[in-house]
Every structure is written in C-alpha cells, then in structure tokens.
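Here is the structure we will look at.
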Amino acid sequence: MTSDDRRHHLQSLLMRESLLDKQVMRSTESPVVRMLPDVQVVKIGAGSILEAGRDAVVPLVDVIGGALKHQRLVISTGGGSRTRHLFSIGIDLGLPTGVLAQLAAADGLGNAHILGTLLAPYGVVAIPPEILGHLMPLFLNAAPGIVFHGVPPYSLWEHPPGIGRIPPHRSDAGAFLLAETFGCAGLVLVKDVDGLFDRDPKQHEDAKMILDVDSKALRELNLPTLPFDRVLLDLLDNARLLTSFQIVNGLKPELVGRALAGEHVGTIVRKA
C-alpha cells in the first residue's frame with residue numbers, strides 16, 4: 001500500500017488504531033489455536049496432598065503413573081505451608097505483593113522437584129520455569145508427562161489484590177493459565193476435599209456438596225472460602241479455550257484417574 005506522499009505502509013487491522021479502543025478490541029475476537037488439545041493439566045495441592053506424607057502421595061503417584069501409559073499430562077504443584085509462612089513473614093515486614101509472588105515461586109519449584117523425582121520412573125521430567133513456555137511441547141513429545149511449579153511468572157509484576165497483599169495469582173491460577181494458553185483438554189485440581197461445598201466441610205459436618213456450578217452462580221453464593229484461587233473465576237469468565245475445571249479429592253486417588261478419563265467425580269466449575 002502506497003500513500004499520496006509515496007510512503008509505503010503495511011496493511012494491518014491494528015496499524016493506525018488505538019489498542020485502548022473497545023471497538024478495536026472487539027474486532028480482534030477470532031478462533032484461537034489449540035496447541036496441545038490432547039494434554040490434560042493436573043494441579044496437585046501442596047498443602048493438602050504433598051504435605052500429607054507418604055500415605056497420601058505414593059498412591060496418587062501410582063494412579064498418575066498408570067494414566068501416563070495412555071495420556072500425556074502436565075502436572076503442577078505449589079508451595080504449600082512454606083509459602084504461607086513466607087507470606088506471613090513478608091507481610092509482617094511490609095513487603096509488596098510483587099515481592100511475595102517472586103518468593104513464592106521458589107517454594108513451588110522445590111515441591112515440583114519432589115514430585116518430579118517420584119514420577120521419574122514413569123518417564124516424567126521436571127522442567128525449569130525459565131524454559132517451560134518455549135520447550136514444553138518438545139518435552140511432551142519426548143516424555144509422557146512433565147512437572148512444573150504452578151506459580152505464574154508475574155513475579156514483581158503481580159497484580160495488586162483488591163484486599164490485603166497476598167498475590168492473587170498462585171499455583172491454581174498458574175495451572176489454569178497454562179491449560180488455557182496451550183489449549184489443553186482439561187484441568188483437574190487435586191485437593192483434600194471431595195469438591196466444592198456450601199460451607200467448609202472440615203468445620204461443618206452438615207456442609208452440602210455442589211456437584212456442578214457456573215462462575216456466575218458461584219459468585220452469587222458469595223461463599224466465605226473456596227478450595228481454589230478465587231481469581232480462577234475471573235480467568236474462567238475471560239477464557240477462550242478452557243471452559244471448565246474439576247475439583248477432585250486426591251486422598252481418594254482412584255477418583256483422580258477417573259477424572260483424567262473424563263468422568264464427573266468431583267465438582268465441575270463451568271464458564272457462565
């Protein structure tokens with residue numbers, strides 16, 4: 001394309017547009033490529049599962065090892081109690097949210113190496129976070145599964161939370177974002193509860209389990225606590241590829257295998 005003053009311009013939808021214009025943003029809606037549509041993402045809770053010790057972890061590792069025989073898996077974990085302790089110290093010292101997020105990643109990486117070691121006999125490898133995004137497809141073509149720490153790499157650029165200073169994007173959010181970005185088949189959050197309840201089942205014996213719910217209805221319930229990062233509801237609303245995730249009890253490891261096979265065995269949270 002040549003203008004009247006003989007300057008050459010590239011024909012582009014966005015070349016002379018403001019990326020702050022709502023209409024321009026709407027014009028960018030289009031189908032998104034699924035890079036890894038046959039890969040399942042599994043987030044294993046650190047505080048809820050890994051820290052429960054051998055009796056909880058080894059049976060779960062065996063189930064995941066069995067699933068790896070016919071599935072490709074991306075497995076993540078977080079920092080657990082160490083991260084909570086770190087947050088406590090950091091908040092007491094007045095550290096900003098971005099610094100807390102950067103420190104939390106180190107705890108998650110330690111647990112990822114523990115999990116990677118246990119799954120090594122099944123051919124699983126733990127990938128350093130700095131090469132995860134670039135080489136993950138390559139590793140998944142060479143191995144049936146990989147392990148990474150789920151803390152998103154926002155680091156010092158972590159989003160300020162609406163309340164308090166705890167980083168809103170933690171390991172659940174990181175697993176979701178990875179599954180969304182690569183267009184994975186699904187996301188299973190492995191916790192120490194059967195699913196989502198109307199009240200904390202550890203404190204209320206009469207708590208009722210919610211089997212299936214969408215993000216809008218879940219917001220309206222305004223539950224005082226959730227078994228996953230609350231920011232997942234916002235991520236789910238804006239997702240293009242990942243339209244649901246399932247919460248499963250990892251203390252009943254057979255349920256994890258069934259969830260990876262596509263069964264509804266916990267609570268499914270869907271995009272509204």
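Here, each number is a calculation from the coordinates, and none is a lab measurement. If you're wondering where the values come from, they're calculated on a predicted model, not measured in any experiment. Cβ sites come from the backbone with ideal geometry, for glycine too, and all protein chains shown count toward neighbours.
Residue by residue through region 53-69, what is 3J(HN,Hα) from phi via Karplus (6.51 cos²θ - 1.76 cosθ + 1.60, θ = phi - 60°)? Round to whole Hz and write x for glycine and proline.
x, 4, 4, 8, 7, 4, x, 5, 4, 4, 5, 5, x, x, 5, 5, 5
Which lysines have a Cα less than 17 Å from the Cα of residue 216, not counting those fewer than 8 places away in the same chain?
Of all the lysines, those that pass the test against residue 216 - Cα under 17 Å, at least 8 places apart if same chain - are 271.
Going by C-beta contacts inside 10 Å, put 151, 57 in order with the fewest on the left.
On the way: 151 31, 57 19.
Ranked by crowding around the Cβ, least crowded first: 57, 151.
At 7 Å along Cα-to-Cβ for each site, give me the label-to-label distance between residue 15 and residue 206 in nm.
That separation, rounded to one decimal, is 6.9 nm.
Non-local amide H neighbours of residue 75 (under 5 Å, H modeled in plane, Pro and chain starts lacking H): which ones?
Placed amide hydrogens put 42, 146, 147, 148 under 5 Å from residue 75.
Starting with the fewest neighbours, write out 209, 136 ranked by other beta-carbon atoms found within 10 Å of each beta-carbon. Don't jump to the answer; show the numbers that get you there.
Working: 209 13, 136 20.
Placing the least packed residue first, the sequence is 209, 136.
How far apart, in nm, are the 7 Å Cα→Cβ label points at residue 58 and residue 238?
Reported label-point gap for residue 58 and residue 238 is 4.4 nm.
Dividing the Cα convex hull volume of the chain by residue count, how many Å³ per residue is that?
Details: hull volume 44.8 nm³, N = 272.
Considering the Cα atoms of the chain, their hull volume per residue is 165 Å³.
Please list, in order along region 19-27, the HN-Hα scalar couplings obtained from phi with the Karplus expression 6.51 cos²θ - 1.76 cosθ + 1.60 (θ = phi - 60°), rounded to whole Hz, x for Gly and Pro.
With the stated coefficients, region 19-27 comes to 6, 9, 7, 5, 5, 5, 4, 5, 5 Hz.
How far apart, in nanometres, would the label points at residue 135 and residue 219 be if each is projected 7 angstrom from Cα along the Cα-to-Cβ direction?
4.0
Take 229, 172 and order them by how many other Cβ atoms sit within 10 Å, fewest up front.
Lowest to highest Cβ neighbour count: 229, 172.
Each residue of region 75-83 in turn: what ³J(HN,Hα) in whole Hz from Karplus with 6.51, -1.76, 1.60 and θ = phi - 60°, glycine and Pro shown as x?
10, 10, 8, x, x, x, 5, 4, 5
Just from the alpha-carbon atoms, what are the Rg and Dmax of region 10-122 in angstroms?
Considering region 10-122 through its Cα atoms, Rg and Dmax are 20.9, 62 Å.
Please list the non-local residues whose amide H lies under 5 Å from the amide H of residue 39, H modeled 1.01 Å from N, same-chain partners needing a gap of 5 or more.
185
Which residues' amide hydrogens lie under 5 Å from the amide hydrogen of residue 197, considering only partners 5 or more residues apart or on another chain, with H built in the peptide plane?
210
Two decimals is fine: what is log10 I(q)/I(0) at q = 0.16, 0.27 Å⁻¹ for region 191-262, from a Debye sum with one equal scatterer on every Cα and no solvent?
These q points yield log10 I(q)/I(0) values of -0.63, -1.37.
Relative to the longest principal axis of the chain, what angle (0 to 90°, nearest 10) does the C-alpha long axis of helix 171-181 take?
The angle comes out near 50 degrees.
Explain nothing, just the number: dipole magnitude of region 40-270 about its Cα centre with +1 on each Lys and Arg Cβ and -1 on each Asp and Glu Cβ, in debye rounded to the nearest 20.
Details: 19 positive and 23 negative charges, 58 e Å.
I would put it at about 280 debye.
Please check the chain for the longest run free of GluC sites (Glu not before Pro) that are loop-located per DSSP (anything but H, G, I, E, B) and have at most 15 other Cβ atoms within 10 Å. Walk me through the numbers before you get to the answer.
On the way: sites that count: 17, 29, 205, 263.
Formally, the longest exposed-site-free interval is 30-204.
Which of the lysines could be linked to residue 191 by a straight reach, that is with a Cα gap under 16 Å, when you skip same-chain ones fewer than 8 residues away?
Residue 191 reaches 43, 202, 252.
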